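The values are calculated or read from the model by the stated rules, or taken from the named source; none is laboratory data. Remember, it's a predicted structure, so these values are computed and weren't measured experimentally. Note: ideal-geometry Cβ built from the backbone for every residue, glycine included; neighbour counts use all protein chains shown.
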Amino acid sequence: MQNNYPVSQFEKEFARYIGVRYAVSVSSGTAGLVVSMMALGLEPGDTIITTPLTFIATSNSALCAGGIPVFADVQRDTFCLDPEDTAKRITNNTKAIVGVHLYGLPFAIERLRDLVTNGRIRIVEDASQALGASINGRKVGALGDVAVFSFYETKHIRLGEGGMITTNDKEFAEHCKMIRSHGQSSKYYHKILGYNFRLPISSALIGLEQLRKIEEDIKRRVRISEIYMENLQRVDSIRLQRIDAGVRHSYYLFPLLVEKLPLRKIDALVNYVLRRTGRKLTRGYRRLVYQQPFYRNIERLFWAAKFLKFPDYSSCSLPNAEYVVSRLVELPTDDSVSEEEADNISRTLLRGIKEST
Ligand SMILES: Cc1ncc(COP(=O)(O)O)c(C=O)c1O
């Protein structure tokens, strides 16, 4: 017999930390999203509205569960899903809205709740990048109907691979548990379609240890980010994410937009910082999900297109998301960055911008 105690203990402590009744561990954030989408019980033609400025797993999980992703624009000042634009895209087929707390900043979920008057539409949080973030003291993961976290090796909890689903809905949690384990309701009794998406016991043990230290990690990330902010926030050609009162950002990374410079100069700026600090700043996803070859050619590349009518993603155009993705630069917040280095990186970036204008 396996001793599953560490897994259930990790789920229990995680649920307590987030402030929800149920947490279901899974083998990755992607697995958590696929399981959640499957548990929504999508029917042919059902759509999921989401942001195109995210890791592809967010919308691919809807595809895996038979859903049709529909993309809404982001806000230019938070880089997260725009509730107003999202609300305009709701139809009778909309089953769920998946917002992403991008880089650790909670998306405007309360405004979205106000606008979504149809109670049947579920609000899903892709909280892969946002463990520990909150709005008015309520943590992400407890704000929507269901949420998913990632424990990929760059995230706040780093297990190599791993993830967690959180919800207050008992039936939904039970459904997720079954899907996670080949649809079994009891040993070798398979009631529904499922997969092996279980979190290994060894990972749960490491997860427990990291969870117990998570607040220290987030406080350190916030301190590093405050240094970046101090140096960069009043600079004309730099836009930082807007953080409303009551919001706690958990800074998976510290993103900014380099505005006003011609686009081709932004890569040169990254090289400028690399040469002087030894740090290679990253440029984010570089393209939106609907700009990925798979989405542009979905009719040809995905068997489900024979049965479902997908939007023409190649003609999709969301101006804010396209603007943000083209100008993003990410600064590191992980524990390899000291406060002195954060100061040096941001001052060097500033110098680089001054020299290029
Ligand atoms: C926003 C977002 N969604 C989903 C995922 C998928 O998580 P994982 O890599 O654990 O499968 C990630 C992380 O990689 C992510 O950043």
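Structure data summary
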quantity: Filtered residue count, region 108-134, keeping only those that are farther than 10 Å from Phe149 by Cβ and among the hydroxyl-bearing types (Ser, Thr, Tyr); calculated: 2
quantity: Tally, over region 241-275, of residues that are within 16 Å of the ligand (Cβ to nearest atom) and in contact with a Ser or Thr (Cβ under 9 Å, 6 or more places away or on another chain); calculated: 7
quantity: Condition broken by Leu105, with the remaining ones in (1) at pLDDT 95 or above; (2) out of contact with any Cys (no Cβ under 8 Å at 6 or more places or on another chain) satisfied; calculated: (2)
quantity: Spans of strands (runs of 3 or more DSSP E) in region 174-261 with at least 2 residues exposed (fewer than 15 other Cβ atoms within 10 Å of the Cβ); calculated: 184-186
quantity: Those residues of region 303-345 which are touching a strand residue (DSSP E or B) at 6+ places or on another chain (Cβ under 7 Å) and under 27 Å from Ala130 (Cα atoms), in sequence order; calculated: Leu318, Asn320, Ala321, Val324, Arg327, Leu328, Val329, Glu330, Leu331, Thr333, Ile345
quantity: Tabulated pairs, region 140-160, first without any contact (Cβ under 8 Å) to a residue 12 or more places away in the chain and assigned by TED's automatic domain parsing to the domain that holds Ser28, second of a type outside the set (Ser, Thr, Tyr) and within 13 Å of the ligand (Cβ to nearest atom), C-beta under 6 angstrom, 6+ apart or interchain; calculated: Glu153/Gly160
quantity: Conditions (1) away from the ligand (no atom under 12 Å from the Cβ); (2) surrounded by 24 or more Cβ atoms within 10 Å (Cβ to Cβ); (3) among the charged types (D, E, K, R): number failed by Arg138; calculated: (2)
quantity: Yes/no for Val100 being buried (at least 22 other Cβ atoms within 10 Å of the Cβ), of a type in the set (A, V, I, L, M) and either in contact with a Cys (Cβ under 7 Å, 6 or more places away or on another chain) or over 20 Å from Val148 (Cα atoms) (or both); calculated: yes
quantity: Selection status of Arg286, assigned to a loop (DSSP other than H, G, I, E, B) and either in the same structural domain as Phe71 (by TED's automatic domain parsing) or at positive phi (or both); calculated: yes
quantity: Helices (runs of 4 or more DSSP H) contained entirely in region 2-96, each with at least 1 residues that are more than 16 Å from the ligand (Cβ to nearest atom); calculated: 5-18, 29-39, 83-88
quantity: Yes/no for Pro6 being more than 24 Å from Arg120 (Cα to Cα) and more than 16 Å from the chain's Cα centre (by Cα); calculated: yes
quantity: Filter result (touching a Ser or Thr at 6+ places or on another chain (Cβ under 6 Å) and more than 16 Å from the ligand (Cβ to nearest atom)) within region 156-177; calculated: Ala173
quantity: Members of region 61-94 that are under 13 Å from the mean Cα position of the chain (by Cα) and either in the same structural domain as Ser250 (by TED's automatic domain parsing) or not aromatic (Phe, Trp, Tyr) (or both); calculated: Ser61, Cys80, Leu81
